[in-house]
Amino acid sequence: MNVPIGIDDQPPQSPAAAMPSLRVTLRDIVRHRGVQLSLVLWVVCYVAVLLLAHGSLPFDRPAVAQRPFAVQLAAPTIGMLQIFVLMALAFIITRKRVVPDMAARAPERRIAMRETIIVLAYAALGQAGGWIVGPALGFRAFSFHLAGSVFGCTTTPLEPAEVWVWAIYNFLVFAVAPYLYFRRRYPNVALNLCSSNRRNDGALIFVILALESAFELCVFDKTIFGLRPHQALLGAPLTFLIYLLGTVLPTMILIYAILLPRFLKLTGSAISTVLLGGLSYAAMHIVEGWSAFDSPQDTALSLLFVLLTYVGPGLMKGVLTLRTGNAWVHALSYHAFAPHVITDTPLVVQVFGIK
């Protein structure tokens, strides 16, 4: 799959060509109805969790299971506050660059609407397929995360076969097929796969990756730095490859290369686009390895916590992509290495028996 990180042959964009709707102020954010509604829904989700949980969460998350209920409950909000800091830094680092007109990369509204509906329906079918294919082969239902990712897993241990089948299924269904379909119609630049400012993209990747890595190391006890050097040297590149195929490229292609420009074309609002990107990202994690579906109560708690856990990272990826017009920026700074290489290398080392 040819997805170069380069500059397509097109005339340079002048500052006047930057899209006005991407010039967002704090006042715009606070007054946006979608943001206000999201804040209300955030509070409603927390109230629902408190009413349903009765002081404990039923999830299979050994990395955080021993922490007090209040700490586990507060974690999504703490993570969101950290994400707001990273967003502010992203705006500061990109303040002097020409922000690409991403809406111009999407087709006219009628076609954009049709393509958006098709992609969302295809993504839903792809997820449903993973819930069928995984158990049919004797594995867990597939999601955008491998069972045990980030939070660990105490149920049936993963086997190498499950890891590779999960990665290949997601890669083919959510990355290769959508990319090939849209690449026949649009150049890589229209799919947010090219850089218009490599120096600024590089600076943004470095800063966000460094800060997010530091945050992950503070939050989680079991990371790559707890491994022996030999395990880390062999496990890190293997982890990078597995998660690149299984979740990083699928996320990048499906949501931030294809859907994000169409969201912007349809809404005309950068804020609405970021919100829709966050919801789309959370929706692709609806069945996680740590989720519990043993009762209606557990199911409701699982769905609520998927929303609380993954909307924030989805928003951050949207901001990074909108500010740069380059989906590779979020993939390299806020997905492939942090959190996955940092937190999931111990899991991969265990699964593949790296001594």
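The values are calculated or read from the model by the stated rules, or taken from the named source; none is laboratory data. Remember, it's a predicted structure, so these values are computed and weren't measured experimentally. A quick note on method: Cβ atoms are made from the backbone with ideal geometry, for glycine too, and the neighbour counts reach across all protein chains shown.
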If we scan region 204-227, do we find a residue that is free of Cβ contacts under 8 Å to residues at least 40 places away in the same chain and of a type in the set (D, E, K, R)?
no
Only unsatisfied item for residue 210, checking (1) under 19 Å from residue 350 (Cβ atoms); (2) modelled with pLDDT of 95 or more, is (1)
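Looking only at region 307-326, decide whether some residue is of a type in the set (S, T, N, Q) and in contact with a Pro (Cβ under 7 Å, 6 or more places away or on another chain).
Among the residues of region 307-326, at least one is of a type in the set (S, T, N, Q) and in contact with a Pro (Cβ under 7 Å, 6 or more places away or on another chain), which makes the answer yes.
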Notebook entry, point to check: Do we find that residue 353 is at negative phi, over 13 Å from the mean Cα position of the chain (by Cα) and either among the hydroxyl-bearing types (Ser, Thr, Tyr) or outside any helix (DSSP H, G or I) (or both) in this structure?
Noted result: no
- Message: Kindly evaluate residue 300 against the criterion of being closer than 17 Å to residue 42 by Cα, among the aliphatic types (A, V, I, L, M) and assigned to a helix (DSSP H, G or I).
- Response: yes
Residue set 148, 134, 152; condition in contact (Cβ under 8 Å) with a residue 24 or more places away in the chain, buried (at least 20 other Cβ atoms within 10 Å of the Cβ), farther than 24 Å from residue 320 by Cβ and in contact with a Lys or Arg (Cβ under 6 Å, 6 or more places away or on another chain); output residue 134
Of the conditions (1) more than 18 Å from the chain's Cα centre (by Cα); (2) touching a residue at least 60 places away in the same chain (Cβ under 8 Å), the single one that residue 181 does not satisfy is (2)
Per the list (1) of a type in the set (Asp, Glu); (2) surrounded by fewer than 20 Cβ atoms within 10 Å (Cβ to Cβ); (3) under 24 Å from residue 335 (Cβ atoms), residue check on residue 101 breaks on (3)
Of (1) buried (at least 24 other Cβ atoms within 10 Å of the Cβ); (2) farther than 21 Å from residue 74 by Cα, residue 336 satisfies every one except (1)
